[in-house]
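The block underneath contains the structure these notes are about, expressed in structure tokens.
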Amino acid sequence: MEPNDVTDVIIGAAIEVHRRLGPGLLEHVYRRCLAYELRKRGLAVVEEKPVAIDYDDLHEPCAFRADLLVEEMVVVELKAKTQIHPIDKTQTLSYLRLMNLNVGLLINFHEAKLIDGLHRIVNRYGGAKPSG
């Protein structure tokens, strides 16, 4: 499966979760339900994936946690807030860089229509070579 195929499945699953639950819940509820929905669709999902950081001689194996890592190729960051800010996109891009991945999704479930809360983030500054 290519990253674009995986993101298509993630978006479909996120729309299903949003359709059934609606906006207004806490982020961890959406994370658990989206992970469940993705597993039902046959995808491998790691929740709260530790993100390591190396800085000179310092190695921190769990400096951050990405909400979801799907098929070991797509980072999914979830939000449940009034508005996405530029720092939210930067956070997702930083995770992609640190994990050496190319594609991520930032999904804000606090929207009347989920499509308004979907953001595709692409790491164009190194990392793995894009495929598909």
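For the chain, modelled as a Gaussian network with Cα springs under 10 Å, which listed residue fluctuates most, VAL74, VAL103, VAL29?
Fluctuation is largest for VAL29.
Compute for the stretch 3-122: radius of gyration divided by Kirkwood radius, i.e. Rg/Rh, restricted to C-alpha atoms, rounded to two decimals.
So for the stretch 3-122, dividing Rg by the Kirkwood Rh gives 0.97.
Mind listing the long-range amide H neighbours of VAL103? Cut-off is under 5 Å, sequence gap 5 or more, other chains count too, H placed in the peptide plane at 1.01 Å from N.
Here the answer is VAL75, ASN123, since their amide H atoms fall under 5 Å of that of VAL103.
Given ASN102, HIS18, TYR125, which one lies farthest toward the positive end of the charge dipole of the chain, if we put +1 on the Cβ of every Lys and Arg and -1 on the Cβ of every Asp and Glu?
About the Cα centre, the residue reaching furthest to the positive side is HIS18.
For the chain, how many pairs of lysine residues have a Cα-Cα distance under 20 Å, where the two are 8 or more positions apart or belong to different chains?
Working: LYS40/LYS49; LYS49/LYS79; LYS49/LYS89; LYS79/LYS89; LYS79/LYS113; LYS81/LYS89; LYS81/LYS113; LYS89/LYS113.
Total qualifying Lys-Lys pairs in the chain comes to 8.
Suppose every Lys and Arg Cβ carries +1 and every Asp and Glu Cβ carries -1, with no other charges. What dipole size does the chain come out with about its Cα centre, to the nearest 20 debye?
Using only the charged Cβ atoms, the result is roughly 480 debye.
For the chain, modelled as a Gaussian network with Cα springs under 10 Å, which listed residue fluctuates most, ALA13, ALA112, ALA63?
Sorting by GNM fluctuation, first place goes to ALA63.
Rounded to the nearest 500, what is the chain's calculated 222 nm mean residue ellipticity when only DSSP H runs of at least 4 contribute -39500 (n - 2.57) each, over all residues? Show your work: numbers first, answer last.
Details: 3 runs with 47 residues, N = 132.
About -12000 deg cm²/dmol.
Can you compute 3J(HN,Hα) from phi for each residue in the stretch 35-47, using the Karplus curve 6.51 cos²θ - 1.76 cosθ + 1.60 with θ = phi - 60°, rounded to whole Hz and x for Gly and Pro?
3J(HN,Hα) across the stretch 35-47, in whole Hz: 4, 4, 5, 5, 5, 4, 8, x, 9, 7, 9, 10, 8.
Values in this text are rule-based calculations from the coordinates and carry no lab data. Just so we're clear, the structure is a prediction, and the values are computed from it rather than from any experiment. Glycine gets a Cβ as well: all are built from the backbone with ideal geometry, and neighbour counts include every protein chain shown.
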